[in-house]
1. Largest first and to the nearest Å, give the Cα extent of the stretch 10-97 along each principal axis.
2. Would you work out the relative contact order for the stretch 19-105, in percent, from Cα pairs under 8 angstrom that are 6 or more residues apart?
3. Residue separation times 0.36 nm, minus the C-alpha to C-alpha distance between residue 48 and residue 35: what's the value?
4. With the convex hull built on the Cα atoms of the stretch 27-70, state its orientation-averaged projected area in nm².
5. Of the peptides 48-61, 21-34, how do they stack up when ordered by the mean number of other Cβ atoms within 10 Å, highest first?
6. At a Förster radius of 25 Å, what calculated FRET efficiency corresponds to the Cβ-Cβ distance of residue 69 and residue 92, to the nearest 0.05?
7. Work out the FRET efficiency for residue 59 and residue 106 from their Cβ-Cβ distance, taking R0 = 35 Å, and round it to the nearest 0.05.
């Protein structure tokens with residue numbers, strides 16, 4: 001089985017625990033971290049004074065069951081954690097912001113899954129002629 005590696009938001013990605021030797025048994029939600037090597041304990045700057053580059057790491061954040069409920073929970077968790085509700089002044093406003101982010105993701109998924117019938121029809125027309 002090919003290992004899943006799907007971006008949910010800018011900071012969260014969904015994968016599975018599949019390996020070359022075993023099929024997936026659960027979804028794994030990964031969280032993006034930006035690592036600054038200069039913040040590490042024991043960091044010693046190079047003699048030439050150059051600063052090391054920041055790097056991106058994807059770390060395992062949480063595990064979910066490999067079923068539709070697990071998939072829904074993982075996606076909802078990513079959206080909820082990555083949605084900026086700091087501008088909300090009430091719970092209703094925070095829920096509205098969350099609902100808007102969820103709606104945007106659902107729309108993107110539905111667009112990606114909707115077949116393009118016009119391309120299919122053009123291909124069929126090309127075969128006839």
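1. 53, 49, 18
2. 28
3. 2.6 nm
4. Computing the convex hull of the Cα atoms and averaging its projections yields 3.9 nm².
5. 21-34, 48-61
6. 0.40
7. 0.85
Coordinate-derived values only; no laboratory data. The structure displayed is predicted, hence computed values, not measured ones. In this analysis, Cβ positions are derived from the backbone assuming ideal geometry, glycine residues included, and neighbour counts consider all displayed protein chains.
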